[in-house]
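*Asks:* Below: one structure in structure tokens.
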Amino acid sequence: MRRQGLWRRLDAAARYAVPFGTLVAGLVVLGLNFGLPGQAQLRPVYAMACVFFWSLYRPSALPAPAVMAGGVLLDLLGFSPVGLWALLLLLLHGLVLALRRRLVQRGFLFTWPVFSGFAAGAFVLAWGAQSLLGQGVLPLRPVLTQTGFAVLLYPALAALFIRMHRGPAAAELA
């Protein structure tokens, strides 16, 4: 009887770790050089989609320290100032948690534009911070490209996360 309790606890822990695992695994895979055009610009899009989705639907499984760790990893992989994306992902996490009750009741067609707006805002903030640190105005094209990626890729990423949320990450199945 004791063994079954241990396996059940291990299963529950593994299901709890899926949101953070998807964040880290996705960032590591996107950090590999596949030679895809715009691959580096996909990392922050993927990280924001993870944080947005899991903060909305499984907030207890993606706490702020995990979001911060994912942001630091993103900073290190993207050669951006350490702490920049950690701060932006924490801001996104906090906004989603603050609006969670309203957002979770709405359907995908409502949350998709909300995510897109948050992503655009985060990219503008990142652009502004990097422009200030570089003491010159950086081109806006990467901001527009990343925002376009975010708008176009979120439905596919959300579909993947929904499958995980209902399948391997489903806490009620533990």
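*Asks:* What is the distance in Å between the Cα centroid of segment 110-140 and that of segment 70-95?
*Replies:* Distance between centres, Cα-based: 12 Å.
*Asks:* For the chain, with every protein chain kept in place, what is the accessible area per residue (1.4 Å probe, Å²)? Intermediate values should be presented prior to the final figure.
*Replies:* On the way: 9810 Å² over 174 residues.
On a per-residue basis, 56 Å².
*Asks:* Tell me the label-point distance for the pair residue 32, residue 162, using the 7 Å Cα-to-Cβ offset, in nm and rounded to one decimal.
*Replies:* Once both label points are built, they end up 2.8 nm from each other.
*Asks:* Ok, one more. Counting other Cβ atoms within 10 Å, keep those with at most 14, restrict to DSSP loop, and tell me which trypsin sites (Lys or Arg not before Pro) in segment 89-123 are left.
*Replies:* Sites meeting the loop and neighbour criteria: 106.
*Asks:* Which one, 134, 71, 21, has the greatest fluctuation when you compute a Gaussian network model over the chain with C-alpha springs under 10 angstrom?
*Replies:* 134
*Asks:* From largest to smallest, what semi-axes in whole angstrom does the chain give when each is the square root of 5 times an eigenvalue of its alpha carbon gyration tensor? Don't jump to the answer; show the numbers that get you there.
*Replies:* Numbers: eigenvalues 178, 63, 43 Å².
Output for the chain: semi-axes of 30, 18, 15 Å.
*Asks:* Round to a whole number: what % of the accessible area of segment 6-173 belongs to carbon and sulfur, probe 1.4 Å? Write out the running numbers ahead of the final one.
*Replies:* On the way: 6480 of 9080 Å².
Summing carbon and sulfur atoms, their accessible area is 71 percent of the total for segment 6-173.
*Asks:* Step through the residues of segment 64-70 one at a time and calculate ³J(HN,Hα) from phi using the Karplus curve (6.51 cos²θ - 1.76 cosθ + 1.60, θ = phi - 60°), rounding each to whole Hz and writing x for Gly and Pro.
*Replies:* These are the phi-based 3J(HN,Hα) values: 4, x, 5, 4, 4, 4, x Hz.
*Asks:* To continue, here is another question. Okay, helix-only estimate at 222 nm for the chain: each DSSP H run of n ≥ 4 adds -39500 (n - 2.57), divide by all residues, round to 500 deg cm²/dmol; what do you get? Don't jump to the answer; show the numbers that get you there.
*Replies:* Details: 6 runs with 138 residues, N = 174.
So the calculated ellipticity at 222 nm is -28000 deg cm²/dmol.
*Asks:* Which residue fluctuates the most in the chain, going by a Gaussian network model with Cα springs under 10 Å, if the choices are 91, 74, 23?
*Replies:* 91
*Asks:* Using each residue's phi in segment 25-37, evaluate 6.51 cos²θ - 1.76 cosθ + 1.60 at θ = phi - 60° and report the 3J(HN,Hα) Karplus result to the nearest Hz, with x for Gly and Pro.
*Replies:* 4, x, 5, 5, 4, 6, x, 6, 8, 9, x, 7, x
*Asks:* Related question: Please compute the modelled spin-label separation between residue 13 and residue 137, points set 7 Å along Cα→Cβ, answer in nm with one decimal.
*Replies:* Using points 7 Å along Cα→Cβ, the separation is 5.3 nm.
*Asks:* With a 10 Å cut-off between alpha carbons and a GNM built on the chain, which of 51, 67, 18 moves the most?
*Replies:* Looking only at 51, 67, 18, the largest GNM fluctuation is found for 18.
*Asks:* A further question on this structure: Just to confirm the filter: which chymotrypsin sites (Phe, Trp or Tyr not before Pro) across segment 27-125 are DSSP coil and have at most 11 other Cβ within 10 angstrom of their Cβ? Please report the intermediate quantities before stating the final value.
*Replies:* Working: sites: 34, 46, 52, 53, 54, 57, 79, 85, 108, 110, 115, 118, 123; in loops: 34, 79.
Sites meeting the loop and neighbour criteria: 34, 79.
The values are calculated or read from the model by the stated rules, or taken from the named source; none is laboratory data. Just so it is clear, the structure is predicted and the values come from calculations on it, not from any experiment. Virtual Cβ from ideal backbone geometry, glycine too; neighbours counted across all protein chains shown. Protein only, heavy atoms only, side chains kept; ligands, DNA and RNA dropped before computing areas. Shrake-Rupley method; radii C 1.70, N 1.55, O 1.52, S 1.80 Å.
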